[in-house]
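The values are calculated or read from the model by the stated rules, or taken from the named source; none is laboratory data. As the structure is a prediction and not an experimental result, all values here were calculated from the model. Quick reminder, even Gly has a Cβ in these numbers, built from the backbone with ideal geometry, and neighbours come from all protein chains shown.
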Amino acid sequence: MASSVLLMNQILSSPDAFAAPSPPVLGRRLKSIRHAGGACVRTRRWRSPVAALVQNFHLPMRSLEVKNRTSVDGIRSLRLITAVKTPYLPDGRFDLEAYDSLMRMQIYNGAEGVIVGGTTGEGQLMSWDEHIMLIAHTVNCFGTTIKVIGNTGSNSTGEAIHATEQGFAVGMHAALHINPYYGKTSMQGLVSHFESVLSMGPTIIYNVPSRTGQDIPPSVIQTITKNPNMAGVKECMGNERIKGYVDQGIVIWSGNDDECHDSRWTFGATGVISVTSNLVPGLMKELMVQGQNLSLNSKLMPLMKWLFKEPNPIGLNTALAQLGVIRPVFRLPYVPLPLASRLEFVRIVEALGRENFVGDKDVQVLDDDDFTLVGRY
């Protein structure tokens, strides 16, 4: 036993500890120790082996068999991407039947891509197992007809790497990545964080300082744009920022529904990553594809303003429940909009026309008691 320990110590302290020695070399090591006068003599102090660091070793993406592999240009061309809602059963689990119905309505009405598990889809309230399962489900059911972009970002680089590996392994077409929030980092830290995930596949960077507490400045975007997997930026800092990027040839999607018409037709954005399109996908497709339409944009503005009266996705969850396309179930800490706002939504639907909204049931004014709030899920 003692000789075994001595052998292990000597091998681990060797500079070749992690090389794979051939059998003859290992045999000579054994003989040299056994012939040391028959006694176990410690010839040098034991040193802990140095950990091997392998840069950008993303195992799932080393395979050429990753399904649904798509080109970066295939992502850059998308004009309407819906940040799709995740509906729930009364016990807080995913309602996949309602989710699939929402997805079919998006595809039927012309959405070209979906963000799965984003802020709107409440990825922040999911376990990573739930998150990856929902990405895989979306890919398996709809991945041949719409681009599936998984929100696999995190404020932990390690989590972001692992989730992105899993997302691409189950077939997502691209990843959405936010900058580290709460535990903010330096500008070089931002670059290093994004470069750690960009090697795996097409990536959209999401800049929303109102949520993260930190802007991703143009200097960082310009640096990481050199990576061939950088598809573009979902930008929430306004149209002047968007124009500056477009002038440099960087693909941009507006992250603000109420600005997206001008972003697209005046400032050169490729399109929008939209919340409103959960409700009126056909009208949002028209707004992004059929040319400048100030009249339609003006008609949609009351709905857009209503949706963001409280932090997203509170308004959207309330609206979809009133339309009868999802159960009125909220995972806390989200709660429905108050009764006055629910009444206002009914008037907005009547003004725009019920036929333009998803679902086929009459819009309802739900009572407070109709909603289920789930704290443990």
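Quick check: is even one residue across the stretch 293-301 outside any loop (DSSP other than H, G, I, E, B) and farther than 29 Å from P209 by Cα? It would help to see each step written out before you state the result.
Looking only at the stretch 293-301, we keep the residues that are outside any loop (DSSP other than H, G, I, E, B), and these are 294-301.
From what is left, the residues that are farther than 29 Å from P209 by Cα are 295.
Scanning the stretch 293-301 turns up at least one residue that is outside any loop (DSSP other than H, G, I, E, B) and farther than 29 Å from P209 by Cα.
Would you point out the residue of the stretch 156-171, among those that are in contact with a Ser or Thr (Cβ under 8 Å, 6 or more places away or on another chain) and within 23 Å of G255 (Cβ to Cβ), that is surrounded by the fewest Cβ atoms within 10 Å (Cβ to Cβ)? Don't jump to the end; show me each part of the working.
Pass one, the stretch 156-171, residues in contact with a Ser or Thr (Cβ under 8 Å, 6 or more places away or on another chain): 157, 160-161, 163-164, 166-167.
Among the residues that remain, those that are also within 23 Å of G255 (Cβ to Cβ) are: 157, 160, 163-164, 167.
Details: T157: 17, A160: 21, A163: 25, T164: 28, G167: 29.
So, considering only residues that are in contact with a Ser or Thr (Cβ under 8 Å, 6 or more places away or on another chain) and within 23 Å of G255 (Cβ to Cβ), the one surrounded by the fewest Cβ atoms within 10 Å (Cβ to Cβ) is T157.
Test each condition in (1) free of Cβ contacts under 8 Å to residues at least 60 places away in the same chain; (2) surrounded by 19 or more Cβ atoms within 10 Å (Cβ to Cβ) for P311 and report the one that comes out false.
(2)
Quick one: in the stretch 136-155, which of the residues that are surrounded by 20 or more Cβ atoms within 10 Å (Cβ to Cβ) and either among the aromatic types (F, W, Y) or under 16 Å from E195 (Cα atoms) (or both) is farthest from the chain's Cα centre (by Cα)?
S154
Matching residues to (1) among the aliphatic types (A, V, I, L, M); (2) part of a loop (DSSP other than H, G, I, E, B); (3) surrounded by 12 or more Cβ atoms within 10 Å (Cβ to Cβ); (4) at negative phi:
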position: I326; (1), (2), (3), (4): yes, yes, yes, yes
position: V335; (1), (2), (3), (4): yes, yes, yes, yes
position: A340; (1), (2), (3), (4): yes, no, no, yes
position: F345; (1), (2), (3), (4): no, no, yes, yes
position: G359; (1), (2), (3), (4): no, yes, yes, no
position: D362; (1), (2), (3), (4): no, yes, no, yes
position: D369; (1), (2), (3), (4): no, no, no, yes
position: L373; (1), (2), (3), (4): yes, no, yes, yes
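With respect to the numbered conditions (1) closer than 25 Å to I221 by Cβ; (2) touching a strand residue (DSSP E or B) at 6+ places or on another chain (Cβ under 7 Å), which one is the sole condition not fulfilled by G238?
Condition (2) is where G238 drops out.
I'd like the full set of residues that are more than 23 Å from V233 (Cβ to Cβ) and either crowded, with 19+ Cβ neighbours inside 10 Å or more than 12 Å from the chain's Cα centre (by Cα) (or both), limited to the stretch 124-135.
Here is the first cut: in the stretch 124-135, the residues more than 23 Å from V233 (Cβ to Cβ) are 125-130, 132-134.
Answer for the stretch 124-135, where residues must be more than 23 Å from V233 (Cβ to Cβ) and either crowded, with 19+ Cβ neighbours inside 10 Å or more than 12 Å from the chain's Cα centre (by Cα) (or both): L125, M126, S127, D129, E130, I132, M133, L134.
Can you tell me how many residues within the stretch 264-287 are farther than 21 Å from P313 by Cβ and in contact with a strand residue (DSSP E or B) (Cβ under 7 Å, 6 or more places away or on another chain)?
3
So, P311, is that one in a loop (DSSP other than H, G, I, E, B), farther than 25 Å from I250 by Cα and not assigned by TED's automatic domain parsing to the domain that holds R79 or not? I'd like the intermediate steps shown before the answer.
Values: in a loop (DSSP other than H, G, I, E, B): yes; farther than 25 Å from I250 by Cα: yes; not assigned by TED's automatic domain parsing to the domain that holds R79: yes.
Spelling it out, P311 is indeed in a loop (DSSP other than H, G, I, E, B), farther than 25 Å from I250 by Cα and not assigned by TED's automatic domain parsing to the domain that holds R79.
Give the number of residues within the stretch 327-377 that are touching a helix residue (DSSP H, G or I) at 6+ places or on another chain (Cβ under 9 Å), over 15 Å from L316 (Cβ atoms), modelled with pLDDT of 95 or more and of a type outside the set (D, E, K, R).
Within the stretch 327-377, residues that are touching a helix residue (DSSP H, G or I) at 6+ places or on another chain (Cβ under 9 Å), over 15 Å from L316 (Cβ atoms), modelled with pLDDT of 95 or more and of a type outside the set (D, E, K, R) number 10.
Tally the residues that are over 18 Å from A319 (Cβ atoms) and in contact with a strand residue (DSSP E or B) (Cβ under 7 Å, 6 or more places away or on another chain), restricting the search to the stretch 75-88.
6
Determine which single condition A321 fails, assuming it passes every other condition in (1) over 28 Å from S127 (Cα atoms); (2) among the aliphatic types (A, V, I, L, M); (3) part of a helix (DSSP H, G or I).
(1)
So, of the residues in the stretch 259-306 that are under 21 Å from the mean Cα position of the chain (by Cα) and among the polar types (S, T, N, Q), which turns out to be farthest from V233 (Cα to Cα)?
N278
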